[in-house]
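Right, one structure below, let's go through it.
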Amino acid sequence: MSVIGKSKSEALDSLRKQLGRQIKSGTVLLQEREQKTIRLVTGLDGLNASLGGGLPQGQLTEIIGRGPSRGGGVIMAALLSGARSEGRYVMLLDIGAGFSIGSFPEKDLESLLWVSCDSARQAVEALDVATRDENFPLFLLDGRDCDPSDWNSVRAQQWYRILNQLRQREAVAVIFARSEVTSATKHRLELVSRLALDDLHQERETILSRTRFQPLRRVVEEQEEQLRVG
Amino acid sequence: MRNAIREDQVGDHALSGYAVVWCRDFRLQAVKRRRGSGEPAALVDDTQRQSIVLCCNALAARSGVEPGIPTVQALARCPQLQVDRPSPAAELAAARMLLEGAFGWVPGIEETGPGILTLDLATEPPAQWHESASRLHDRLAALGLEVVIGLGETPALARLAAQAALHAGIEVWHLRREERLGKLDQLPLIIAETGANLNDKLRLWGLQTLGAFARLRREEVAARLGDEGVELWLRLTGRLRRPLRLAKLEQLFEAHHDFDYEVRERDPLLFVVQRVLEQLAGRVAQTGRAATAVHFLLTFADGACHAKRLALPEPTLDPGLLFRLVSGHLDAFEMKAAVVALRLRFEPSDPVASQKTLFGAGLKNRHHYEETLKRLRKIVGNDRIGSPRPVDSHRPGLFDKAPLPAELSDSHRSSQARQRDCGRPARPILPGALSQGAGPPVTGPTLRKYPLGFRTSVQLRDGIPLRVESSRVSGVVTAWAGPWKSGGDWWHQGQQWERREWDVELLNQGIFRLVETGREWLLEGYYD
């Protein structure tokens, strides 16, 4: 019996060693997946650089401006313009119906579907439905006028479902908000520059070139660190 | 010569060809097709005082049953005889099945009679006719319909060939041009379906076969037999042609279902709807068309009806999609009485009209888009979704919500995007490098509006804002621009508006738009 047990344990040890060489750890797999992620190149150098090449497809990306006049609207307009020139449809989920048509070139509106939402919860519910549709490769969730506490009414599992749907469709969702929205977000950028009154007459490319991003710590890294600490 | 006889001798018709699909004892087969044909069977007419046999199959005929005899006599001659009444519904279903199968072969089809179709084979090479005919025969046999198919260079010769096939007991009979006379020599006169008088005369002349008659000279036939003889001569020599009265495809696009019992619940109704939709979709698929709309009509036990046309965003035959369309409507519909009948009809598509542009981008799946829209409308409301379009007004902020175009125009697409469509790699697009096609160029940051605005108290010095106080934001004005005065609609009583806009930068807050309307100050939004 002991002989059999010994041979078994030796066989197990041998198997573990072989598997250890062949099977990658979860961290390595995540890193590899991160490297393989297809990105939607935006044409905004600062944004591309901060996101490692562009907006990652199949992911949620948060762009946070802690107050008005940080440049979030200009980035949104640039994303819309880029999508139109690429012949892609965009869905804008507008919490608070603050959309101002005069701020966008008329040509860029052709591929835009605007959805006005009352609350963060309603907008996320709409996003949950919309991300199942393969017609839209880009979703913009405009929550700049949302109170940070409004996002608490959204269930975490709904965000993860949306994330899963984005992955399946290889779509991109960008959330514009005043503060952190969800832990399902993999990339979070903070707009650190401020606009001045003189910018009202500047070309948008000039404003965009001056817009500064501060990449916040990525959520995955945070979770991994927590695991390590734990 | 009678007007009905049309001789068309001029021209080379070597490439033309016709097929006649003949379903023997069609009315009987329509009723019996699902019950097998291994037993003697007959259809009887019992609407008269004395029930009589209308038609019977070959097994019954072998026992001495024949059309016209009393049913009692038929049962006496053949005790195993299965007796049925004619069923118009079954005949209609069988006729559609025949038509549907034939449409899978060629598009030009005439319904010549009950269970008889004449097909124009001009769209198919002659080398494939026999094989296609055999395929159609097998397909119909699988559906319980036994047919024979005759092929010939004219409709009349194809019918003759079908009669010959019936006579000989074979599936497909091809009467080729080069061997026509030889084959007609094998066929008795009765096959030509001529009157008894003509047959008797020919028999007296010693003519036994159709080939022998076809060898006669036309003048002699005309002198001795008149119009009837000439018509037969023209038919046999391939000189009698006629245009086909083509069947309309729409006949295939409709289905009717009478419930055996009154349906009060939605689920059994949906079950039948799904089944009927699948059948219709399968039938229409064979015609190469699709549905652009579904018409459905529900008939209720109290005599009321509910009809609805449900338009599809794009032609389709996806049964799941069509079912979701109908069931979505029925879910919202309240049935006040039991349903007794259901009629469904597909509106056929025009394939040319749905041709897409070569390089234009568009919705990948319009059906899915429509479904998404419906669901979003349920969440946010009907009037809160759309593609924003400016309206012809100077009043700021007004816009229409138009439907999202299914195809995006190519003029605003970048050359890179077009290259991508051609298989070349795409390069990033600079927002500023885009064409400024429609509308004036837009500069500066975007305005984010507060839908109702915030009533604001503004402290002025020399008419210029110095400090702003509101429930949303308060602060000292560090820079300002304005005022810009605008107004309009003074020509509409009660709709006149006038405003003075200021753009102000508040210390450590951002850039805001203030509006002075004469009565009050409003914080309208901020630049971002």
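What's the angle, to the nearest 10 degrees (0 to 90), between helix A:72-85's Cα axis and the longest principal axis of chain A?
Computed tilt is about 80 degrees.
If you take the charge dipole of the range B:130-194 about its Cα centre, with +1 on Lys and Arg Cβ and -1 on Asp and Glu Cβ, which of B:ILE191, B:ALA158, B:HIS137 is farthest toward its positive end?
Working it through, the farthest residue towards the positive pole turns out to be B:ALA158.
If you count, for every residue in A:121-129, the Cβ atoms of partner chains within 10 Å of its Cβ, what is the mean?
Per residue, the average neighbour count from other chains is 3.
Can you give the net charge of the other residues whose Cβ lies under 13 Å from the Cβ of B:PHE271, counting K and R as +1 and D and E as -1?
Every neighbour counted, the sum reads -1.
Sorted from fewest to most neighbouring beta carbons within 10 Å, what does the list B:LYS364, A:LYS107, A:LYS8 look like?
On the way: B:LYS364 13, A:LYS107 19, A:LYS8 10.
The fewest-first ordering by Cβ neighbours comes to A:LYS8, B:LYS364, A:LYS107.
Please compare each pair in A:LYS107/B:LYS364; B:LYS374/B:LYS401; B:LYS308/B:LYS336; A:LYS17/A:LYS186; B:LYS248/B:LYS364; A:LYS186/B:LYS378 to a cut-off of 26 Å on the Cα-Cα distance and tell me which ones are over it.
Flagged as over cut-off: A:LYS17/A:LYS186; B:LYS248/B:LYS364; A:LYS186/B:LYS378.
Separation between the B:GLU501 and A:ASN164 pseudo-spin-labels, each 7 Å from Cα along Cα→Cβ, expressed in nm?
4.6 nm
Between A:ASP13 and B:THR517, with labels modelled 7 Å along Cα→Cβ, what's the label distance in nm to one decimal, could you check?
My value for the distance between the label points is 8.4 nm.
Partner chain Cβ atoms within 10 Å, averaged over the residues of B:388-395 - can you pull that number for me?
That average works out to 3.
Quick one: which residues, 5+ away or cross-chain, put their amide H under 5 Å from the amide H of A:LEU40? H built at 1.01 Å from N.
Answer set, sorted by chain and number: A:LEU55, A:GLN57.
Round to the nearest 0.05 the FRET efficiency obtained for B:ALA222 and B:GLN186 when R0 = 25 Å and r is the Cβ-Cβ distance.
Step by step, r from the Cβ atoms, then E = 0.45.
What do you get for the angle between helix B:266-285 and the principal long axis of chain B? Use alpha-carbon atoms, 0 to 90 degrees, nearest ten.
Between the helix axis and the principal axis of chain B, the angle is about 70 degrees.
Please work out how much length the chain gains when fully extended from B:ALA89 to B:ARG472, using 0.36 nm per residue of separation minus the C-alpha to C-alpha distance, in nm with one decimal.
In short, 130.6 nm is gained.
Ignoring everything except DSSP H segments at least 4 long, calculate the 222 nm mean residue ellipticity for chain B; use -39,500 (n - 2.57) per segment, divide by total residues, nearest 500. Walk me through the numbers on the way to the answer.
Details: 14 runs with 157 residues, N = 528.
Mean residue ellipticity at 222 nm (helix-derived): -9000 deg cm²/dmol.
Return the FRET efficiency for the residue pair B:TRP205, B:ARG177: r is the Cβ-Cβ distance, R0 is 35 Å, and the value is rounded to the nearest 0.05.
Given R0 = 35 Å and the Cβ-Cβ separation, E is 0.85.
Where does helix B:155-168 land angle-wise versus the long Cα axis of chain B, in degrees 0 to 90, nearest 10?
60 degrees
Please name which of A:PHE139, B:ALA95, B:LEU81 has its Cα lying farthest along the dipole of the protein assembly as shown towards the positive end, using unit charges on Cβ (Lys, Arg +1; Asp, Glu -1) and the Cα centre as origin.
Sorting the options by dipole projection puts first A:PHE139.
For B:MET335, A:MET76, A:MET91, what ranking results if the residue with the fewest other Cβ atoms within 10 Å of its Cβ goes first? Walk me through the numbers on the way to the answer.
Details: B:MET335 15, A:MET76 23, A:MET91 27.
In order of increasing Cβ crowding within 10 Å: B:MET335, A:MET76, A:MET91.
Starting from the 7 Å offset along Cα-to-Cβ, what nm value, one decimal, do you get for the label separation of B:ALA307 and B:ASN197?
Taking the two extended label points, one gets 4.9 nm.
Apply 1/(1 + (r/R0)^6) to the Cβ-Cβ distance of A:ASP118 and B:HIS256, taking R0 = 30 Å, and write down the FRET efficiency to the nearest 0.05.
Details: r = 46 Å, r/R0 = 1.54.
Computed FRET efficiency for A:ASP118 and B:HIS256 comes out at 0.05.
Roughly how crowded by other chains is peptide A:74-81, in terms of the mean Cβ count from those chains within 10 Å of each of its Cβ atoms?
For this peptide, the per-residue mean of nearby foreign Cβ atoms is 4.
For chain A, what is the relative contact order in percent, using Cα pairs closer than 8 Å and at least 6 residues apart in sequence?
Over chain A, the number comes to 26 percent.
No value in this document is a laboratory result; all are computed from the given coordinates. None of the values given here were measured: they were computed from a predicted structure. Cβ: placed from backbone, ideal geometry, glycine included. Neighbour counts: every protein chain shown.
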